[in-house]
Amino acid sequence: MSVVATGIKRRVRLLGQALRPPKQLKAEASKPKTPEKKSPRPPKRVQVVDYSVPIMPRLVESPVFVIASVRSGSTLLRTVLNSHTRIRAPHELHLRTLRVQPTPGFSEEAMLELGLDQVELEHVLWDRILGLELQRSGKEIIVDKTPGNVFTWERLKYAWPKAKFLILLRHPEGVVSSLENRKSNTASRETLEANAVKYFEPLEKARKTVGGLTLRYEELTAEPERVTREVCDYLGVPWEREMLDYGKHDHGRFLPNLGDRSDNIKSGRIQPARTFDGIDSLSPRLAEYAKAWGYA
């Protein structure tokens, strides 16, 4: 019996050693974890897409897309619209960077048999997200105001033939000055102008091509009732005075990368925009857009 007992004890000891975590793993676990690297921002360029299958029926037939550059007042526009009882305007949705990747072989071939390639699968996903947001809100019209829409407006128009577009403009100097005044800004004036122009170029093409309703940020802040009445007429809903007091309504949290979160927007009040006279002090590329948009 003593031999058996000794053998059992030995086996238990060996089993314990086998199950014990290696010493080096313990040492590694004690080391402080390095913060995870953030994913790089999507490039600021126009999406070029190959459409190879017909579009599918949409849950949301006529969404509304704001086409605007960064720092152009789109968060103010969205909070004002979101204050309407029939309009849902959530934070930036960034649909263009929401991708679908079927696995080559089985899933890719299976989806193609259903008339769904990668591009149309993404459209179906985007449409489902818009539909879910409308369902949750109990409203009828959804507005997406993501600045990145300027790089994919052609795709949005293709995916939703009945979509409506709000083209929001701001004086080019207002955009660059707003970028310059951000607390986190460390870029040079030249870099900020180049960044703004990346948005201005497709924005101007959309303005000339897509139709829709063109608005100016300066007019929205100076004459909010007149401008919001125009927007409501375009969207086919009655104007509501409560839209102008957007601070009384719940617009969700103001978070980084999902829209403006400055003290001005958090104040809940429409405040006057900075105005800029003339174009003599502008660089040639900013002056070009200022003239095109009627600020000269």
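Things to note:
- For region 77-198: rounded, prolate or oblate by the Cα gyration tensor [a/c cutoff 1.5]: oblate
- Accessible area (Å², per residue) of the chain, counting only protein heavy atoms and a probe of 1.4 Å: 59
- The phi-based Karplus calculation (6.51 cos²θ - 1.76 cosθ + 1.60; θ = phi - 60°) puts the 3J(HN,Hα) values of region 53-58 at 10, x, 6, 8, x, 9 Hz, whole numbers, x for Gly and Pro.
- Förster radius 25 Å - calculated FRET efficiency between His94 and Asn181, Cβ distance, rounded to 0.05: 0.55
- Environment charge of Glu218, counting only residues whose C-beta is closer than 9 Å and scoring Lys/Arg +1, Asp/Glu -1: +2
- Working note: Karplus 6.51/-1.76/1.60 with θ = phi - 60° gives region 282-293 the couplings 7, 5, x, 6, 6, 4, 4, 6, 4, 5, 4, 9 Hz, where Gly and Pro are set to x.
- Peptides 141-148, 283-290, 109-116 ranked from most to least packed give 141-148, 283-290, 109-116, packing being the mean of other C-beta atoms within 10 angstrom over each peptide's residues.
- Lys/Arg +1, Asp/Glu -1 at C-beta; the chain dipole; positive extreme among Leu220, Thr275, Gln135: Gln135
- Restricting region 147-187 to trypsin sites (Lys or Arg not before Pro) in coil, as DSSP defines it, with at most 16 other Cβ within 10 Å: Lys162, Arg182, Lys183
- Cut-off under 5 Å, modelled amide H: who pairs with Leu169 long-range: Leu215, Arg216, Tyr217
- For the pair region 239-265 and region 101-180, the centres of their Cα atoms are 22 angstrom apart.
The values are calculated or read from the model by the stated rules, or taken from the named source; none is laboratory data. This structure is a prediction, so every number in the text was calculated from the model and none was measured. Positions of Cβ are generated from backbone atoms using ideal geometry, with glycine treated the same way; all protein chains shown enter the neighbour counts. The area values use the complete protein model at the heavy-atom level, side chains included, leaving out ligands, DNA and RNA. Shrake-Rupley method; radii C 1.70, N 1.55, O 1.52, S 1.80 Å.
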